[in-house]
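**Q** Have a look at this one.
Read-outs: derived from the displayed coordinates by stated rules, not from any lab. On a predicted model such as this, the values are computed, not experimentally measured, just so you know. Glycine also receives a Cβ, built like all others from the backbone with ideal geometry; neighbour counts cover every protein chain displayed.
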Amino acid sequence: MKPQKHMSRTARELRAQVHTIVLLALLAIFGLGVGGYLVAHQRLVYPSWVPVLGHSEFILNAPVSAVSGVLPGQGQAVTVSGVTVGQISAVNFQHGLPVVTMQIDPQYANRIYPNATVLLRPKTGLQDMVAELDPGTSSAGPPLKSGATLSAGNTLPTVQLDEVLSQLDADTRGELMQLVSGAGQALANGGGQHLADVLRRFDPLSRDVETASRLVALRAVELRRLMGNLSKIATELGDNENQLAAFVVGNEGTFRALAQQNQNLQETIQLLPGTLQVTNTALTKATTLGHTVQATLGQLLPSARSLGPTLADLRPFFEATTPVIRDQLRPFSVKAQPTARLLAPATHDLAGSTPGLTTLARELNNIVNELAYKPRSGQGYLFYLPWASHDTNSALSTQDGVGPVRQGMLLFTCGTLQLLHSIASNPSQNPTLATLIGLLNLPDYTTSCNGLLPK
């Protein structure tokens, strides 16, 4: 009888607590759901021996010179062109260098080649690092196997701004300060407005260049065909180097005739007005050059006899290149004339506003020639331009309603911060520089430097 009473009392207590039990069960289910959601979004890598969830990862090692900010196991991503393909799993020390171990998703395992590169860079201002992976090209060899280690020359850590400034000596830093001060003086007293006026003059040129670029893009096929034909011409010239040399040497008779007419040219120059006296002196000095060339060309007389056979050998070459010049180069020149006429007014206005544009163009030409130069061993600068383009896209990957926002971080000493606050607080001295400083959103001096800003 007593056991029945005890069971009845237990049943009554359970019925009284059924609401609490249901709430606890719902709370446990909700907690399991939240925990599962968090775990599913943590990029957890399960070992291959775990049933269903486990899978094998592609392991790639990269030795770097510094691993500051790299925290394995914190979900720091490995990206290719901004797409996450894996994460940093470990950092080891081998042969005097830190080695970063990356776990790559298996679907990208067969797309990483021996010339792949890795760049460690901060994703945020808090040094949240990300490994940017360039998988390389198939021309470097077969794809890498899991566990492979890249060459130390194919990796590069992030570079802090203070590291760049620390490489400058005292004289260079002084020159940099003078440069900044000179820029402030140049932009003062209406200098900024003058600079803005000059930059506005580039607007017509920019529009014309955009039109020219669009037209050139439409002629991409013709340009490729032109470059191919020019390559054939250069190859043909290289194959006929001896014939061309004989052709040049065979002009000895022409130069000799010019040398014999030197006296007649001198008499003609003497009859000219006094404004041509400088030209007369220059041609008189050319007499010695003519005698020297005559003596030299006299030894080349046997080559003149080979001029006829040389021209005969060159006839097939000219016949092969004539259709290219007539049917491709000439139509391209005719189609480019409207673009050239559009550029003429803008070029005239630009020449009047910027007298030094010729010097600028010459220097830009030298820079472009230097960029286009490819040494016999190694790669030219153009090989690295895609990297620079990718870095620019990464630096401008954030935007707001106004447009792209350039990512960056500026470091100031307390002395520099004091100077910038002083300029910003008195905009009448330099309105342009004060406006630029105001756009920087400087930190508070009293908070950052633990002191009051001097009056």
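**Q** Counting only residues 5 or more places away or on other chains, whose amide H sits under 5 Å from the amide H of THR155 once H atoms are built in the peptide plane?
**A** Those qualifying (amide H under 5 Å, at least 5 residues apart or on another chain) are VAL118.
**Q** Let me ask something additional. What is the distance in Å between the Cα centroid of region 170-199 and that of region 419-449?
**A** 17 Å
**Q** Show me, for region 284-298, the HN-Hα J-couplings you get by feeding each phi into the Karplus relation (A = 6.51, B = -1.76, C = 1.60, θ = phi - 60°), rounded to Hz, glycine and proline as x.
**A** 5, 5, 6, 4, 4, 5, x, 5, 5, 5, 5, 5, 5, 6, x
**Q** Compute log10 of I(q)/I(0) for region 108-153 with the Debye formula, placing one identical point scatterer on every Cα and leaving out solvent, at q = 0.13, 0.17, 0.26 Å⁻¹, to two decimals.
**A** Results for region 108-153 at q = 0.13, 0.17, 0.26 Å⁻¹ read -0.35, -0.54, -0.92.
**Q** Counting other beta carbons within 10 Å of each residue's own, what order do ILE29, ILE423 fall into, fewest first?
**A** Details: ILE29 10, ILE423 16.
Ordered by Cβ neighbours within 10 Å, fewest first: ILE29, ILE423.
**Q** Something else now. For the ranges 96-108, 360-372, 222-234, what's the packing order if you count other beta-carbon atoms within 10 Å of each residue, average per peptide, and put the highest first?
**A** Details: 96-108: 16.9, 360-372: 10.6, 222-234: 12.8.
By packing density, highest mean first, the sequence is 96-108, 222-234, 360-372.
**Q** Quick one: grab the alpha carbon gyration tensor of region 283-351, order the square roots of its eigenvalues as a ≥ b ≥ c, and give me rounded if a/c is under 1.5, else prolate or oblate depending on whether a/b is larger than b/c. Mind showing how you got there, number by number?
**A** Numbers: a/c = 8.41, a/b = 1.48, b/c = 5.67.
The shape class here is oblate.
**Q** Pop the C-beta distance of HIS95 and GLN429 into the FRET formula with R0 = 56 Å and round what comes out to the nearest 0.05. Numbers along the way, then the final one.
**A** On the way: r = 57 Å, r/R0 = 1.02.
Here the calculated transfer efficiency is 0.45.
**Q** Then there is this: Cut-off is 10 Å between beta-carbons; in what order do LEU150, LEU23, LEU119 appear when sorted fewest neighbours first?
**A** Working: LEU150 24, LEU23 10, LEU119 20.
With the fewest neighbours first, LEU150, LEU23, LEU119 line up as LEU23, LEU119, LEU150.
**Q** Okay, next question. Spin-label point model (7 Å from Cα, Cβ direction): what's the LEU419 to ASP203 distance in nm?
**A** 3.5 nm
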